[in-house]
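Below: the structure, in structure tokens.
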């Protein structure tokens, strides 16, 4: 089974829904606009601590920023 990773699209969607710019989210979470942009584009990775800070700044759970797990096909 694959490990869970951040979902750049979910991070961006949550930010937009919160009405925040990348700069505002970065300021709330303690990161630069460039870092937030990189995370949203999948260029920069986010540590567990970074995801926790982003989730707190967005008012959501870390799991809301994660990619859905891939399910292995059922065996017969």
At what distance in nm do the modelled label points of residue 32 and residue 64 sit from each other, each positioned 7 Å from its Cα along Cα→Cβ?
-> 2.8 nm
For region 8-64, just the Cα atoms, rotate onto the principal axes and tell me the three extents in Å, largest first.
-> 22, 21, 20
Simple label model, 7 Å out from Cα along Cβ direction - residue 23 to residue 49, nm | 2.7 nm
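Throughout, read-outs are computed from the coordinates displayed, never taken from laboratory work. The structure presented is a predicted model; accordingly, all values stated were derived computationally and were not measured. Here Cβ is always computed from backbone atoms with ideal geometry, including for glycine, and neighbour counts include all displayed protein chains.
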